[in-house]
1. On the basis of being out of contact with any Pro (no Cβ under 7 Å at 6 or more places or on another chain), over 23 Å from L306 (Cβ atoms) and modelled with pLDDT under 85, does R403 make the cut?
2. Name the pairs whose Cβ atoms lie under 8 Å apart, with the first residue in the stretch 95-121 and more than 17 Å from L177 (Cβ to Cβ), the second open to solvent by less than 10 Å² (accessible area, probe 1.4 Å) and of a type in the set (S, T, N, Q), and 6 or more positions between them or separate chains?
3. One residue is enough: does the stretch 423-441 have a residue meeting the conditions closer than 30 Å to P337 by Cα, at pLDDT below 65, more than 32 Å from the chain's Cα centre (by Cα) and open to solvent by less than 10 Å² (accessible area, probe 1.4 Å)?
4. So V348 clears everything in (1) of a type in the set (V, I, T); (2) closer than 14 Å to F424 by Cβ; (3) open to solvent by less than 30 Å² (accessible area, probe 1.4 Å) except one condition, right? Which one?
Amino acid sequence: MRISNPWPAAAMRLALLLLIAALIGLASGYVTLALLLALVLFLGVQIRSLVRFERWLRQGRQLRPPRSEGLWATLFEHFYRLQRRHRERRQRLAELLRRFKESANAMPDATVVLRGMGEMQWWNAMAERYLGLEWPRDQGQRIANLFRHPFFSEFLAHGDWYGSVKVPSPLDEHLILEIRIVPYGQERKLLVARDVTRLHRLEVMRRDFVANITHELRTPLTVIQGVAETLSEQEEAGSEDFQRSLELIQEQSQRMSRLVDDLLLLSRLETGERKSAAVPVDVAAMLEALAVEASALSGGRHRIELDIDRDLKLHGDQTELRSAFSNLVVNAVKYTPADGRIVIRWFVDDDAVHMQVVDTGFGIPPHHLPRLTERFYRVDSGHNDATAGTGLGLTIVKHVLSRHDARLEIRSQLNKGSTFDCLFPVKLSARGLAASASPGTSSP
């Protein structure tokens, strides 16, 4: 119900009171005294209502306001409605908070609410089990002060909330946690820690299996290649069909050898420790050498161009970087038709250090782009299957870039070409520094 404006009624009441007082004053001969007494009476009524209003607000437990009249009745009613809305809103918020806590406690993952500089405001029961937090002792403490694993500290310092980090639990080193941080609200973050121990063990078993089986395949492949070469060199090797069979054996054994080499390299990238001290790598010289190799692989069928900053260096692992860049350049040669153009770029801008390989090849359908860096994933283009690789090249590129805190961006248009862009942090760049060795003459 809408409340009408009380001021005209209050003014009329005051005017009526003064009029009555003036008439009484005129009848008695004391007009000023009568008016003064009327004002004192009016003021006393207002003070009495003000005291009742203050007492009602201070006590706060009485839902309904005290009875009153005139302007004060309207004021009481307004505050009563505000108080009721505030109480209802507080009840709704309390209910939402209760449901949130119940939901968070029902989750199988540890959940911690962080604010400001990482101070812990609230956490669920699984956080106590996984992270060893204790309520209310640790409330308000910074998560970095209680959980000091170096990988987690680096993750917090880096501030890349799109990724995650795997670390052992501070209570049990055999319990592996995958931790993500999700920003929300104003200076609020939600830390979620998930138990990935079983997945981690399966991943370790898979890596060990791949590493072991590829080592075991090296010897029989070497023997097969050697025997095939020996037989093909003999004058009495046999008929033309026999020679063709030997060529197929050599061709497929070489392909298997490349696959084994890529698997071993990928296994080293996944399981090997990152080098703490990176050296300045002369990427420009490396790319010039790769351009020469690409021209030899192309056989003059492509136009290969360089657009590089020769003074720009990059702190990193020389062998790993050459392997990644070589895979991108070789792919461009393989999947670009004759008379196509391949541009190798190396430059820095305000956002990142870029190594780009741009081609005018067949292009990649959009639905394939998110999966290109998966193991053994290849686009069935039907254009150049004879020169198809192992399906591990872009996977190797992704792991090398990850070990350099970099990422790979792929842009492509069908029948127009593709751009493979390696983006390194600007902090890894350097100028005018000589690399420890000539990267152009080394091989991965």
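1. Taking the combined requirement at face value, the residue does not satisfy it.
2. K101/N124; N105/N124
3. The answer is yes, given that some residue of the stretch 423-441 is closer than 30 Å to P337 by Cα, at pLDDT below 65, more than 32 Å from the chain's Cα centre (by Cα) and open to solvent by less than 10 Å² (accessible area, probe 1.4 Å).
4. (3)
A quick yes/no check of all residues on (1) touching a His at 6+ places or on another chain (Cβ under 9 Å); (2) in a loop (DSSP other than H, G, I, E, B); (3) at pLDDT 70 or above:
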site: I213; (1), (2), (3): no, no, yes
site: L217; (1), (2), (3): no, no, yes
site: L221; (1), (2), (3): no, no, yes
site: V227; (1), (2), (3): no, no, yes
site: E235; (1), (2), (3): no, yes, no
site: G238; (1), (2), (3): no, yes, no
site: S245; (1), (2), (3): no, no, yes
site: M256; (1), (2), (3): no, no, yes
site: L266; (1), (2), (3): yes, no, yes
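The values are calculated or read from the model by the stated rules, or taken from the named source; none is laboratory data. The structure displayed is predicted, hence computed values, not measured ones. Cβ atoms come from the backbone with ideal geometry, glycine included; neighbour counts cover every protein chain shown. Side chains included, ligands, DNA and RNA excluded: accessible areas come from the protein's heavy atoms. Shrake-Rupley method; radii C 1.70, N 1.55, O 1.52, S 1.80 Å.
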